[in-house]
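The values are calculated or read from the model by the stated rules, or taken from the named source; none is laboratory data. Since the model is a prediction, treat every value here as computed from it, not as a measurement. Cβ placement follows ideal geometry from the backbone for every residue including glycine, while neighbour counts extend to all protein chains displayed. Ligands, DNA and RNA are excluded from the accessible area calculation, which covers all protein heavy atoms including side chains. Shrake-Rupley method; radii C 1.70, N 1.55, O 1.52, S 1.80 Å.
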Amino acid sequence: MSQSENLQQEIQGTSLSDYGDSAAWQYLKWGSLVALIIFLIVIPHYVGAYYQFVLSLWAVTAISAQGLNLMMGYAGKVSLAQGAFMGIGAYVSTLLVQNWGVNFWLAMIIAIIVSIIIGAAIGFPALRVEGHYLAFVTLGFNELVVLFLRNEDQWTGGPLGVLNIERPSIFGYSLFEPTRFYYFTLVMLAISSLLVWYMIRSPWGRAFKALKDNPNRAESLGLDTTSYTLMAFAIGSGLAGFSGTLIAPLVEFVEPNQFQLLKSLEYLLMVMVGGRGFLAGPLIGAFFAEVLPEWLRFADEYYLIFFAIFVMLLIRFFPEGVAGFGKQIRRTFFRQTSPQVQGEQNA
Amino acid sequence: MSQARKKVLEVRDIHKSFGFVKANRGISFDVYEGEILGVIGPNGCGKTTLFNCILGQLKADSGTVSLNGQDVTGQKPAQLAKAGLGRTFQLLQVFDSMTVEENLLTAAQAHVGSIFSRLFMQPDLGKMDDVNRVIEAFRLGHLAKEDAGSLSYGQQKLLDIAMGLMSNPQIVFLDEPAGGVNLSMLADVKSRLLELNEAGMTFAVIEHNMEFIFEVADRIVVIAEGEVLMVGTADEVRNDPKVIEAYLGH
Ligand SMILES: Nc1ncnc2c1ncn2[C@@H]1O[C@H](COP(=O)(O)OP(=O)(O)O)[C@@H](O)[C@H]1O
Ligand SMILES: [Mg+2]
């Protein structure tokens, strides 16, 4: 009894802000971010057009992975339709530009809005089903979209898709040249990252996490779980659509095969490997999917075997992915433990 | 003591069956402002079902619930929470992957602004002071930045209760707050409950631990086999032969 009174007195004498991450961790975290940004800005001076293309692909892929991370990592709603939504974004924007002469930027906005609306509609099954069932529903939707793209030739160009997609200009400044397009995708990734960061630290971020941890409790606390579920799907799919509007001018063609179920599974893996529910997760996951294979070219067809083994080991030992591993390091080495907690541990 | 007080909640004739099991067979009772109302009864007599029917987790077969004279029967849990009914569940329910602080902010946020306006407000919605006050009241200060999932069972239980009253509800429903809690933590739960009640908060508390409920409750509703056996003070309940019979008879 007297011990707990002691403890209470000690606690009252300390302010809450004394706890949490140590300053060293803060330096490491922000330092890494600044280093990454500088690296991404200067790298085109040191690598050729091909690597700039690969890095552009990384940036565009990361945007879509950020969308899935929002749905799956934060709100706990699995989706196997991320590829399909990229397809919707890519096709809608491309066809608007090519067939109707719509301005690229307007086409981009329309494509994103279409993805958001269809994404919200796909969210409705998520109100009723969870986990594996939800995976099947979204998987079915992905197949449906690919079938549509393949079969509706008069709209979509059928199995061959659309070739010779032009890269856009901004204020008369052409983005055709690889370095320029790379910086363009980098800015888009920055916008997407800021958007996701803002949302996650807002009350919506907490609502999404609450939805994942315990929807029943969330509801009993007055949170509108229906709206949040639909919003998670709408925004996550919107980011996939956004990514799609970028991938079309990046690779300069679209075809149904780019957006197959396999693509969606790849995104699922990226989010898991990178770290579900971490802001850095999709950036890391997209790195594994798009950049690492280039470095491991010497391994050729064995790359997939390496990758599969790596994923299995990672999930076995670090179920929270690479970013989750970072969190463990923080916990172990960079923790600013309060005297009270130490006292309890000793007792 | 409750007769002169304002009636906050009126529960009338709640019926609820699961197949052939009649869990609630016409339960009625009132909750008055500022009281701690105990709800006791043998295991499986229908207490949790009753709370779930009142608070929208279950749909009652019949019966009505009114809050401040307004009919709120059949409303969804989130609506009832916003209308001023806070709760905990019999099984612990906190958000494991969020810190203690975030858990409490989450518990408070549905009551500020609208879903869209919340997106453009400051992240803590101006609720950090409330959170700190509750954290202090529940002596959880040293754990504020810890993930809820890493706390001990008793600490999580305290957090769960704290979440239930974060929005400053008109009535807080607690389903077995003392369940599974060790003795020193039990004393903690009891003190917090009495302090908050002293400060004006109204509670309806299901509890299996008789000693606990006899000490904290102003009035007690005794339920047996889905019906109200009696309503009375701790002394009245303790000495009533019907109650003794209900507990020992089965
Ligand atoms: N979801 C359910 N489905 C079927 N039977 C249930 C369900 N919930 C409760 N019951 C039954 O209803 C009766 C009352 O249960 P409950 O309200 O949990 O009792 P208490 O909380 O008083 O211990 C029990 O016989 C229980 O088995
Ligand atoms: Mg019960």
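State all residues of the range B:69-88 that are of a type outside the set (A, V, I, L, M), part of a loop (DSSP other than H, G, I, E, B) and either away from ligand 2 (no atom under 16 Å from the Cβ) or open to solvent by 20 Å² or more (accessible area, probe 1.4 Å) (or both); if no residue qualifies, say none. Those that are of a type outside the set (A, V, I, L, M), part of a loop (DSSP other than H, G, I, E, B) and either away from ligand 2 (no atom under 16 Å from the Cβ) or open to solvent by 20 Å² or more (accessible area, probe 1.4 Å) (or both): B:G69, B:T73, B:G74, B:Q75, B:K76, B:G84. Of all residues being touching a residue at least 12 places away in the same chain (Cβ under 8 Å) and within 7 Å of chain B (Cβ to nearest Cβ) in the range A:208-224, which is nearest to the chain's Cα centre (by Cα)? Just the residue, please. Looking at residues that are touching a residue at least 12 places away in the same chain (Cβ under 8 Å) and within 7 Å of chain B (Cβ to nearest Cβ), I get A:K209. Scanning the range B:160-190 for residues that are in a helix (DSSP H, G or I) and either under 13 Å from the mean Cα position of the chain (by Cα) or of a type in the set (V, I, T) (or both) yields B:D160, B:I161, B:A162, B:M163, B:G164, B:V189.
Checking each residue of the range B:44-54 against the condition of being at positive phi, within 16 Å of ligand 2 (Cβ to nearest atom) and outside any strand (DSSP E or B) gives at least one match. Just one of the listed residues (B:E195, B:E215) is assigned to a helix (DSSP H, G or I), away from ligand 1 (no atom under 16 Å from the Cβ) and within 14 Å of chain A (Cβ to nearest Cβ), and it is B:E195. A:S193 satisfies every condition listed in (1) modelled with pLDDT under 95; (2) open to solvent by less than 50 Å² (accessible area, probe 1.4 Å) except (1).
Within the range A:34-50, residues that are under 17 Å from A:F181 (Cα atoms) sit with their Cβ atoms under 7 Å from residues that are open to solvent by less than 80 Å² (accessible area, probe 1.4 Å) and assigned to a helix (DSSP H, G or I), at 6+ positions apart or across chains, in these pairs: A:L40/A:L186; A:I43/A:L55; A:P44/A:Q52; A:P44/A:T179; A:P44/A:Y182; A:A49/A:P178. Among residues of the range B:131-158 that are more than 9 Å from chain A (Cβ to nearest Cβ) and without any contact (Cβ under 8 Å) to a residue 12 or more places away in the chain, none has a Cβ under 7 angstrom from a residue that is surrounded by fewer than 22 Cβ atoms within 10 Å (Cβ to Cβ) and in a helix (DSSP H, G or I) at a sequence gap of 6+ or on a separate chain.
Does B:V31 satisfy being away from ligand 2 (no atom under 16 Å from the Cβ), more than 22 Å from B:E227 (Cα to Cα), in contact (Cβ under 8 Å) with a residue 12 or more places away in the chain and of a type in the set (V, I, T)? No; evaluated as a whole, the condition is false for this residue.
Restricting B:I36, B:I54, B:I14, B:I27 to those that are more than 25 Å from B:L248 (Cα to Cα), over 17 Å from the mean Cα position of the chain (by Cα), open to solvent by less than 10 Å² (accessible area, probe 1.4 Å) and aliphatic (A, V, I, L, M) reduces the list to B:I14. Residues to consider are B:K59, B:K127; find the one that is open to solvent by 40 Å² or more (accessible area, probe 1.4 Å), over 30 Å from B:R12 (Cα atoms) and more than 7 Å from chain A (Cβ to nearest Cβ). Just a single option satisfies the conditions, and that option is B:K127.
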